[in-house]
Amino acid sequence: MKRLHYWANTEYSLVNCLLWNLQIHLALITLGTARVLRAHMCWLRAECDMQKELDKRDLNVLSVLQNEARISNVQLAERVGLSPAACWERVKKLEARGYIRRYLGEIALEKLPGTINFMVLVTLKTHRADDFIKFETDIQKSAHVVRCVAVGGGFDYILEVVVAGMEAYKDFLSGFLERNGHIEKYSAHVVTKNVKSQSVDLNVLFADQI
């Protein structure tokens, strides 16, 4: 009887343990599903907000301007099917709402003699909010850094740097990077060939809306 009682208690404990683990797994699955749903709903809300703010004509205007920034308002109006006045007003609204930041001319840096373009992968020593702010403030002050993005993974930032000549390249590495107290390590990589560089093609990105 004692042995039967022991096995009964053991089986009861095992069943309870299995049920408890099952409850935990279900809770985790539910929690994970909830997070996925929340993320998906946030994405849907963002997409809906964009669709409310931008219509098909807006996307057409942006698509033309990103490739032909010097196009006249009259030509742009003809391309997107608007009157010149309506087109001008639409462009100004897009500028005011931040969809158009500025108008640029793309310079072929590889044709300028002595120009060195290189990428720098940077890891900070510590990852407090103040450390990121200080580093990014320093980056903003550097005229040689033409692009800086924060990334996840093994490094914290990727910098694109352009300098005029090897001495300027060495000065940037020894001056800006090695003397910057926020940097733990970095690796610099000279660009040997620009294989592809272009803006996002809105006709492809929003093919179902344009």
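The values are calculated or read from the model by the stated rules, or taken from the named source; none is laboratory data. What you are looking at is a predicted structure, and each value in this text was computed from that prediction instead of being measured. A quick note on method: Cβ atoms are made from the backbone with ideal geometry, for glycine too, and the neighbour counts reach across all protein chains shown.
Things to note:
- Any hit, the range 173-184, residues being in contact with a Leu (Cβ under 6 Å, 6 or more places away or on another chain), hydrophobic (A, V, I, L, M, F, W, C), crowded, with 16+ Cβ neighbours inside 10 Å and within 27 Å of ALA108 (Cα to Cα): no
- Scan of the range 117-133 for residues that are out of contact with any Phe, Trp or Tyr (no Cβ under 8 Å at 6 or more places or on another chain), within 13 Å of ASN180 (Cα to Cα) and not in a loop (DSSP other than H, G, I, E, B), ordered by number: ASP131, PHE132
- Taken together, the criteria exclude ILE116 from residues that are surrounded by 12 or more Cβ atoms within 10 Å (Cβ to Cβ) and in contact with a Leu (Cβ under 9 Å, 6 or more places away or on another chain).
- Any hit, the range 78-92, residues being free of Cβ contacts under 8 Å to residues at least 60 places away in the same chain and under 17 Å from SER199 (Cα atoms): no
- Pair list, Cβ under 6 Å, 6 or more apart: the range 158-174 residue in the same structural domain as MET119 (by TED's automatic domain parsing), other residue of a type in the set (Lys, Arg): GLU160/ARG147
- Some residue of the range 198-208 being of a type in the set (Val, Ile, Thr) and farther than 26 Å from ALA69 by Cβ: no
- Residues of the range 86-116 classified as closer than 20 Å to LEU59 by Cβ, outside any loop (DSSP other than H, G, I, E, B) and not aromatic (Phe, Trp, Tyr), total: 10
- Per the listing ILE100, ILE71, the residue uniquely without any contact (Cβ under 8 Å) to a residue 12 or more places away in the chain, surrounded by 13 or more Cβ atoms within 10 Å (Cβ to Cβ) and not polar (S, T, N, Q) is ILE71.
- Checked across the range 162-185, the condition of being among the hydrophobic types (A, V, I, L, M, F, W, C) and closer than 25 Å to GLN66 by Cα holds for at least one residue.
- SER63 within 17 Å of LEU205 (Cβ to Cβ), out of contact with any Asp or Glu (no Cβ under 7 Å at 6 or more places or on another chain), of a type in the set (S, T, N, Q) and modelled with pLDDT of 50 or more: yes
- Test: residue in the range 128-148 that is under 20 Å from the mean Cα position of the chain (by Cα), exposed (fewer than 10 other Cβ atoms within 10 Å of the Cβ) and more than 20 Å from GLU160 (Cα to Cα): yes
- Only one entry in TYR157, TYR169 is among the aromatic types (Phe, Trp, Tyr) and in contact with a Cys (Cβ under 9 Å, 6 or more places away or on another chain), namely TYR157.
- If the condition is being closer than 22 Å to GLU106 by Cβ, part of a helix (DSSP H, G or I) and of a type in the set (Gly, Ala, Ser), then the range 53-85 contributes only SER63.
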